[in-house]
Amino acid sequence: ILNVEQSPQSLHVQEGDSTNFTCSFPSSNFYALHWYRWETAKSPEALFVMTLNGDEKKKGRISATLNTKEGYSYLYIKGSQPEDSATYLCAPHQAGTALIFGKGTTLSVSS
Amino acid sequence: DTEVTQTPKHLVMGMTNKKSLKCEQHMGHRAMYWYKQKAKKPPELMFVYSYEKLSINESVPSRFSPECPNSSLLNLHLHALQPEDSALYLCASSQEQASYEQYFGPGTRLTVT
C-alpha cells in the first residue's frame, strides 16, 4: 500500500497570508502526482497533474512543485482568500496502479 | 460538457435490498472510477474501468458489483449491504487511466439500515 503523508493536517490563516503544505510519498516507481481541491459539500476538483521531477505548475494564486527523487510535492497559495478554504488532497500513483489519496490538508482562511 | 452526473443523490436501503448507483459522463473519457468516502477520510478507490473493461478491483466485497454498459455509463450494483457500507460513493472519469486529471461527480450518499 502506498504511504502518502500530508502535512499539516489542518491550517488556519488570515486573509492575505501566503501558505504552503506538503505531500510526501514513496519515490520508487513514481508515475504521477495529482493535487485536488475539495470544498465541503462539493466534488473534488483537479488542480494539477505533475509527472516530471522539478515540475512547477501554477493556476492563479496556487502553485505546486514536485521532487520525485526525494518523494515530495509542495502546494503554495499566495495571498489566501476565504474562498480558498477547502481540503487539499494529494494523490500520487505508481506505474500500473491507480491514485491513492492522502488524508488532506484542511485550510481555513478567515477575513 | 465537463460534468459527471450521479443518481440518486441520496439512497436509504435495508440490508436485504438490491439497488444500483448510476454514473454518467459525456466527455469521451475512457476511464471511470468508483470511490468510497467515509466522513473525514479521503476517497478510497474501489474499482477502475478502462475502455469498458474492469482494470482494477481493490479487493472490494462481492456485495458491490460494478458494471460498465458503455463508455459513458458506470453502474454500481448493491446487494446485501451492511450498515458499515454507509458512505458517500463518488464516481469519477478521466481521459485515460493514466496521468490525467479525474473529474468527480457529486456523489451518492448511501445509508444502510
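The values are calculated or read from the model by the stated rules, or taken from the named source; none is laboratory data. Owing to the predicted nature of the structure, the values given are computational and were not obtained by experimental measurement. FYI the Cβ positions are ideal-geometry reconstructions off the backbone, even for glycines, and counts take in every protein chain you see.
Worth a mention:
- Residue within segment B:57-79 that is in contact with a Pro (Cβ under 9 Å, 6 or more places away or on another chain), surrounded by 19 or more Cβ atoms within 10 Å (Cβ to Cβ) and not in a strand (DSSP E or B) present: no
- Tallying residues that are assigned to a loop (DSSP other than H, G, I, E, B), polar (S, T, N, Q) and in contact with a Leu (Cβ under 9 Å, 6 or more places away or on another chain) within segment A:54-111 yields 4.
- Selection of segment B:35-54 for residues being part of a strand (DSSP E or B), facing chain A (nearest Cβ under 10 Å) and surrounded by fewer than 17 Cβ atoms within 10 Å (Cβ to Cβ) yields only B:44.
- Here residue B:32 does not qualify as of a type in the set (A, V, I, L, M, F, W, C), over 16 Å from residue A:45 (Cα atoms) and out of contact with any helix residue (DSSP H, G or I) (no Cβ under 7 Å at 6 or more places or on another chain).
- Looking across segment B:92-113, not a single residue is under 25 Å from residue A:29 (Cβ atoms), within 7 Å of chain A (Cβ to nearest Cβ) and not in a loop (DSSP other than H, G, I, E, B).
- Given (1) outside any strand (DSSP E or B); (2) within 26 Å of residue A:95 (Cα to Cα), index of the condition residue B:32 fails: (1)
- If only residues of segment B:13-34 that are surrounded by fewer than 18 Cβ atoms within 10 Å (Cβ to Cβ) and of a type in the set (A, V, I, L, M, F, W, C) are counted, the one that is nearest to the other protein chains (Cβ to nearest Cβ) is B:27.
- Of all residues in segment A:1-48 being among the hydroxyl-bearing types (Ser, Thr, Tyr) and more than 18 Å from residue A:64 (Cβ to Cβ), the one that is modelled with the highest pLDDT: A:10
- Yes/no for residue B:11 being in a strand (DSSP E or B), modelled with pLDDT under 95 and closer than 29 Å to residue A:106 by Cα: no
- Cβ separations smaller than 8 Å between residues 6+ apart or across chains give the following pairs from segment B:25-54 residues that are β-branched (Val, Ile, Thr) to residues that are part of a loop (DSSP other than H, G, I, E, B): B:48/A:98; B:48/B:97.
- Within segment A:54-97, the set of residues being surrounded by fewer than 19 Cβ atoms within 10 Å (Cβ to Cβ) and within 14 Å of chain B (Cβ to nearest Cβ) comprises A:55, A:57, A:59, A:94, A:95, A:96, A:97.
- The one condition in (1) surrounded by fewer than 17 Cβ atoms within 10 Å (Cβ to Cβ); (2) farther than 26 Å from residue A:3 by Cα; (3) within 14 Å of another protein chain (Cβ to nearest Cβ) that residue B:82 fails to fulfil: (3)
- For segment B:86-113, filtering for residues that are within 13 Å of the chain's Cα centre (by Cα) and surrounded by fewer than 20 Cβ atoms within 10 Å (Cβ to Cβ) leaves 3.
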